Amino acid sequence: MFEYKKIALAVSLVLMTTACSDAAKDSTTNKAAETQTASAENTNQKSEQTESEKANQLFEDIFMENVMRSPMYQSYLGIKDDQDKWDDISDEQAKEDLALTKKHLEQVKAIDESKLNEQTKISWMLMKQKLENEIADFKWRHHNYPVNQMFGLHSSVASLLINQHRISSVDDAEDYISRLNGLPELFDQLADNLQLRAEKGIIAPKFVYPYVISDSKNIITGAPFDDGEPSALWEDFTSKVEQLELEENQREELLASAEKAMLESVKPAYQDLITVVEGIAEQATTKDGAWKFPDGEAFYNNALQRTTTTDLTAEEIHEVGLSEMERIHEEMRAIMEEVGFEGTLQEFFVHMRNSDEFIYPNTEEGRKRYLDEATAYIDNMRERLDELFINKPKAGLIVKAVEPFREKSAGKAFYQQPSMDGSRPGTYYANLYDMEAMPTYQMEALAYHEGIPGHHMQIAIQQELEGIPKFRRFGRYTAYSEGWGLYTEKLPKEIGLYKDPYSDFGRLAMELWRAVRLVVDTGIHDKKWTREEGIDFYVTNTPNAKSDAVKMVERHIVMPGQATAYKIGMNKILELREKAKSELGDKFDIREFHDVVLGSGPVPLNILEQFVNDYISEKKSA
């Protein structure tokens, strides 16, 4: 359950979309009842079922039981059953979740693994490992910052209402208002969680709090909270209600109820939260790494194992980063010579960082141009997919700018998954708050990573897989998912794209960025680097804007280990591809290889290696 809770609360990074359509509602509403019915039928038919059928039914039951305990995660999946509620984030609920997880583990262990078919055996192993990890990680549940510049309820509740809570009926509108009125209770629980961590000495560094306070104030700025332009929430609610076919008095009643909820519930909830955050900020220091936590070293090592799905130590990851940096710097020097730049690589970095040639204006016209051209890269790549893939996603993909209320603190770019039934498209979000941080020479690689053939191919295909339990279709392994994203920045070059050498330099710059992440993440959390040392390392060794470096280092600090997944995952996929090419020779088919990688959903890297080894053996024998 803890995994789903984290997904629901950490919504700003990946995977969030608008709520489903009426057709989707028909197919997803009453999931709990359907699951209970299925469970009852399953009980009656046990004697007739194979062990694999029983196992897969159990996996579905476990997944849906957890989903139905999280109204927020339901919204991300497009399920409307509890869309008038927020999650229960109390420590009491966390302990109930732990008891449920232990029950689920016993149910999974009761399955006779020896009687399972191969695909179900993999599902059984993954489910068992996931539950065991959740139980083992319960002791670390407070080793995080519930509000920070990357994610947290202070921003995610507004993001959920705007992006996931679609209003296609009066009931939907009333549910939206109920959620507005539910914010005081939710934020009271959040305040308790913050105070509990503070008592344990788990307090975010000083730099975090201005972001949190600013984002919170942004949400309650504008009408109806003051006399300014419509706030993000008010604009969202009114525009959605305007699209309903209603009697005027009914529309006015809904708007009046929403306004009352915003003034009497939302505004006080945020004001109280800001007061709590300001109080904790007074206790904050400039210590940045996880080493400062109780048992911080053990926590960080565990975080690296969970993130990379490997046994690599912090020191080993640090050294991989340094080695990859050296290789990429050499490839960059070759491009520097190709474009005729005279000087050192560091001087070329300064040129690329400061040249207006690669920056669109910080205007609406500049932002529109960026979005239009990013969309064009994706559309062109879509036309080339048959060269690289057998299976392609049915769900659509759109490109959008990050919303103003969260753009100042949100990441550079991220992908949000389609709804469960595919009626809501996937979304590539580009953060255009600071156009200097979005140079055009990186535009192509970024579009491929977040869109096609990157996260949209991987996540949309994953959700559409047949014969795979939902916990695998909607689960995540960061090294697999982000490793794929980084791998697909390189892939288009192999079919002749990146025709502009500066764009190819951008591709290398983004790979370099992920290599430096290995060095800086371990530097901060294992070697006790400061925030400033991390920023200086990025600025010295990459062409990115300093604002990029600041955001990245601050991300490292609040998400220990997460950023190490990208390069470790990419390296493993490339290693497995080279192994398949070497052993199969003329029999190697890149399209089949990608089908192996994507065809079973996200898995730990060692399981992915098993899949590729099986593919090689089968191909050889054929």
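All of the numbers you see were taken from the coordinates with simple rules; none came from a lab. Quantities reported herein were computed from a predicted structural model and do not represent experimental measurements. Here the Cβ positions follow ideal geometry from the backbone for every residue, glycine too, while neighbour counts run over all protein chains shown.
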Put in order of increasing Cβ neighbours within 10 Å, starting from the fewest, ILE220, ILE274 give ILE274, ILE220
Of 284-290, 600-606, 558-564, ordering from highest average Cβ density within 10 Å down gives 558-564, 600-606, 284-290
Mean separation of Cα contacts under 8 Å (at least 6 apart) over the residue count of the chain, i.e. the relative contact order in percent, is 17 percent
Of the listed pairs LYS130/LYS579; LYS200/LYS408; LYS490/LYS572, those with alpha carbons more than 19 Å apart are LYS130/LYS579; LYS200/LYS408
Note: GLU132 to GLU282 extended length (0.36 nm per residue) minus current alpha-carbon separation gives 50.2 nm
Rounded to the nearest 500, the 222 nm mean residue ellipticity computed for the chain from DSSP H runs (n ≥ 4, each -39500 (n - 2.57)) alone is -19500 deg cm²/dmol
Given 380-391, 117-128, the highest-first ranking by average Cβ count within 10 Å works out to 117-128, 380-391
For the range 467-614, Rg(Cα) over 2.2 N^0.38 Å is 1.18
Inverse of <1/r> over all distinct C-alpha pairs of the range 365-419, i.e. the Kirkwood Rh in Å, gives 13.4 Å
The pairs in LYS287/LYS527; LYS54/LYS115; LYS499/LYS581 lying past 21 Å Cα-Cα in this model are LYS499/LYS581
Expressed in µm² per second, the diffusion coefficient of the range 300-567 from the Stokes-Einstein equation, with Rh the Kirkwood radius over alpha carbon pairs, at 25 °C and 0.890 mPa s, is 128 µm²/s
Expected unfolding gain across THR221-SER323 under the 0.36 nm per residue rule, minus the alpha-carbon gap, is 31.9 nm
With N residues in the chain, Rg(alpha-carbon) / (2.2 N^0.38 Å) equals 0.96
Toy charge model, Lys and Arg Cβ at +1, Asp and Glu Cβ at -1: the chain dipole around Cα centroid in debye, rounded to 20, equals 1320 debye
Applied in sequence order to the range 127-138, the curve 6.51 cos²θ - 1.76 cosθ + 1.60 (Karplus, θ = phi - 60°) yields integer Hz couplings, x standing for Gly and Pro, of 5, 4, 5, 4, 5, 4, 5, 4, 5, 5, 7, 4
The whole-number value in µm²/s of the Stokes-Einstein translational diffusion coefficient for the range 309-468, with Rh from the Kirkwood sum over alpha carbon pairs at 25 °C and 0.890 mPa s, is 135 µm²/s
Ratio for the range 111-239, C-alpha Rg to 2.2 N^0.38 Å, reads 1.47
If each part is reduced to its alpha-carbon centroid, the range 206-233 and the range 125-171 end up apart, in Å, by 22 Å
Between the modelled labels at ALA401 and ASP356 (7 Å from Cα along Cα→Cβ) the distance in nm is 2.0 nm
If the chain between THR344 and GLU185 were fully extended at 0.36 nm per residue, the gain over the current Cα-Cα distance would be 51.5 nm
Kirkwood Rh for the range 554-620 from C-alpha pairs, in Å, is 13.1 Å
If R0 = 22 Å, then SER114 and GLU609, at their Cβ-Cβ distance, give a FRET efficiency to the nearest 0.05 of 0.40
Percent of all alpha-carbon pairs of the range 441-530 at distances over 19 Å, whole number, is 50 percent
